[in-house]
Amino acid sequence: MAPNERPKRLTVSRSSKQGSEGPLEEISWDLTEIFPSTTDPSIQAAIDGASKEADSFAEKYRGKIGSLAPVDVRRCIQDYEALQVRIFDLDLFSTLAFQANMTLTDTQALHDRASKIVAGLNKELAFFEVELGARVSKERSLPKEASLATYSHALERLGRRAIHFLSESEEKLVITKDQFGVRAWEELQNRWLNTREIEVSVEGVRKTMSYGEANGLLHHHDRATRESANRSIYGTLGGSGEIFSFALRSICNDWVNVGDVRRYSSPMEASLIANDTEKGIIDGLLSSVEGHVELYRRYLRLKAKLMGLHKLGCHDIVAPLPQVPDLTYDYETAKALVTKAYVKFDDEYAAAVKDMLARRHLDLSPRFGKMNGAFCAPWYRGRSAFVFASFNGHLNDVFTMAHELGHATHDYYFEARQSYLNMDTPSIVAETASIFGELLMTDLLTGEAKSESEKMAVLCHVLDEAGMVIFQVTARAWFEQSLYDAIRRGEYLDYKGICRRWTAARDRIYGDDVEWFNELEAEWTMKPHYYFSNYRFYNYPYVYAQLFVYAAYERYLREGRAFVPKFKEALSLGSSKSPAEIGRVVGLDVADPSFWDLGFGRFEHFLSELEKVSKS
Ligand SMILES: [Zn+2]
């Protein structure tokens, strides 16, 4: 539940264009509501208090959870929650302070100390989940006990996970062996990738740069620069194909072996359990995407036309249109736009956005020593959240604000209603309000666009992002599945074999509508999530979330005001109900394979709008 724990928050990778028109005033967050400062004595007092409480919790419950009366199980869970809320504060404060200023000595020291203490406390408390899980997996009626009604779904989820737990000593051995075993392969990919030197021709000037810098050029306005960046990045990474394939092959084979020991029915099952969903639902989702590839290709063909090309090159898929303006926004305008978009949906719905802005819970200034990326971390005790991003005044930054403040809105709703254990929303649900916020922003910006080209810029931005999330990410899920299928058939996954499987999955999406550089066969080498050693299938939850929210938005447009209370209710549920049940609250049935068509309706709407503007 720590803010940096994956896969709690999926952040869609966005173009990280660096602008010179960043905000003038420093927009740093105010963390003093959690602790007064990184060196305040109250932090030590909180550590001492949590340690003492953890000791007495362990003394009271260790070895006994299996035989407690249901009402005492509830007391035990409540004690555990109270303790976790205290630990969460420590973890949150030290992590947020560090991520905003990673080079300051006091934030480094606190982060280092706190993360060791938090890890130690969680190790001491690990018996809670193991013992409770063992009990639920044996006593299937426990979640239905009236005294445990608040935790009913959390207990069912735990039971579903717990049947795959090994014994305590085996689990300890797995953790110990993984550290320099499969986790080392994950680490190797990361290190190797981030220590490559890439030579790119930037608007005609040859420059040597890091992988991260070169990656930022994939969205460059100059086509030749994009070509150079693409060829150079993937040519360089492909040159180390033996290393990447060795790492990926080892991780996938390890997953298959461990999955057999844990008695998973498929390599995807652990991810289905983590996402609180079912195979049939995800199969329906992915085949619906395959059934709609023509819709995406229609967009790609239109984009080629708008770019004056016979066919899109792989370096044009997410490129900005040459003829549209690079829209820029100052911070005051961005704040006003996000607030307006949320208020337009419903005044009360915008309460979290207003509160977050008023209490300065956002850290948006780019600065030396600040971590990359964007996220929103919930703060349960404060019934609030904290948003982290780097605002450079581009259209993309306005969408990031709308997205992250959507997470905050979601957090405010369920923190107000749910017990701590019920805020463990799976990835496929965690993105609901964030993507909804982007849709509110899209409607506002397209409605208020001052010119056709401004409207085109917004629509292309939205279709580029949605195209990647819905379609390209589906190809990644197929690719990952194909690796496991090959292992099961006893095939050896060498570098070229992995490349072939990637291009085959990719071409199921893009067909003949994109021209690919040969170097792009190595595209899979750089995706860190293929190498997450203990979390597989990081991909399809993005697809689910995007299409689910697109469908929800369609319902909103059809139902108008009547939709608003249902949506708020859905957000308030946190993880106390399954994603399928949450869908039903807003009138959506994810188990029906034809349901996903509704979400594609939104994609088609944006596409038709773009077709109209580009013709006029
Ligand atoms: Zn998100």
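The values are calculated or read from the model by the stated rules, or taken from the named source; none is laboratory data. Source: prediction; values computed, not measured. Here the Cβ positions follow ideal geometry from the backbone for every residue, glycine too, while neighbour counts run over all protein chains shown. To get the accessible areas, we keep the full protein, side chains included, count just its heavy atoms, and leave off ligands, DNA and RNA. Shrake-Rupley method; radii C 1.70, N 1.55, O 1.52, S 1.80 Å.
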Cross-link partners among aspartates and glutamates for K344, C-alpha distance below 14 Å, same-chain residues fewer than 8 apart left out?
E438, D443, E448
Which whole-number value in Å² is the accessible area per residue of the chain, probe 1.4 Å?
41
Kindly provide log₁₀ I(q)/I(0) values, in the same order as q = 0.07, 0.10, 0.11 Å⁻¹, from the Debye equation applied to equal alpha-carbon scatterers of the chain.
-0.44, -0.96, -1.20
How long are the three semi-axes of the equivalent ellipsoid of segment 351-504, in whole Å, if each is the root of 5 times an eigenvalue of the C-alpha gyration tensor, listed from largest down?
34, 24, 15
Projecting the Cα atoms of N194, A109, L158 onto the charge dipole of segment 39-198, where Lys and Arg contribute +1 and Asp and Glu -1 at Cβ, the residue farthest towards the positive end is L158
From the helices alone, meaning DSSP H stretches of at least four residues, give me the mean residue ellipticity at 222 nm for the chain, per-run term -39500 (n - 2.57), in deg cm²/dmol to the nearest 500.
-20000 deg cm²/dmol
Rounded to the nearest 20 debye, dipole of the chain from Cβ charges on Lys, Arg, Asp, Glu:
820
Please work out whether segment 145-303 counts as rounded, prolate or oblate from its C-alpha gyration tensor, where a ≥ b ≥ c are the square roots of the eigenvalues and a/c under 1.5 means rounded, while otherwise a/b larger than b/c means prolate and anything else oblate?
oblate
Would you list, by chain and number, the lysines whose Cα falls below 18 Å from the Cα of K207, excluding same-chain residues fewer than 8 positions away?
K17
In the chain, with Lys and Arg counted as +1 and Asp and Glu as -1 at Cβ, which of these residues, L337, A54, V258, has the Cα nearest the positive end of the dipole, that is, farthest along it?
V258
In whole angstrom, largest first, the equivalent ellipsoid semi-axes that the Cα gyration tensor gives for segment 73-212 are 41, 21, 16
Would you mind calculating the relative contact order of the chain from Cα pairs under 8 angstrom and at least 6 residues apart, reporting the percent as a whole number?
20
Provide the percentage of antiparallel DSSP beta bridges, counting only those with both residues in the chain; round to the nearest 5.
75
Can you tell me what percent of all Cα-Cα pairs in segment 398-474 are more than 19 Å apart?
46
Violations at 25 Å Cα threshold for listed pairs K450/K612; K116/K172; K123/K144 -> K123/K144
So if I take the centroid of the Cα atoms in segment 127-159 and the same for segment 248-272, what is the distance between those two points in Å?
25
Per principal axis, largest first, the Cα atoms of segment 266-383 extend in Å by 49, 47, 38
Segment 532-606 and segment 347-418 have their Cα centres apart by a whole-number Å value of 21
My understanding is that a pair violates if its Cα-Cα distance is over 28 Å; which of K303/K566; K311/K527; K354/K568 do that in this structure?
K303/K566
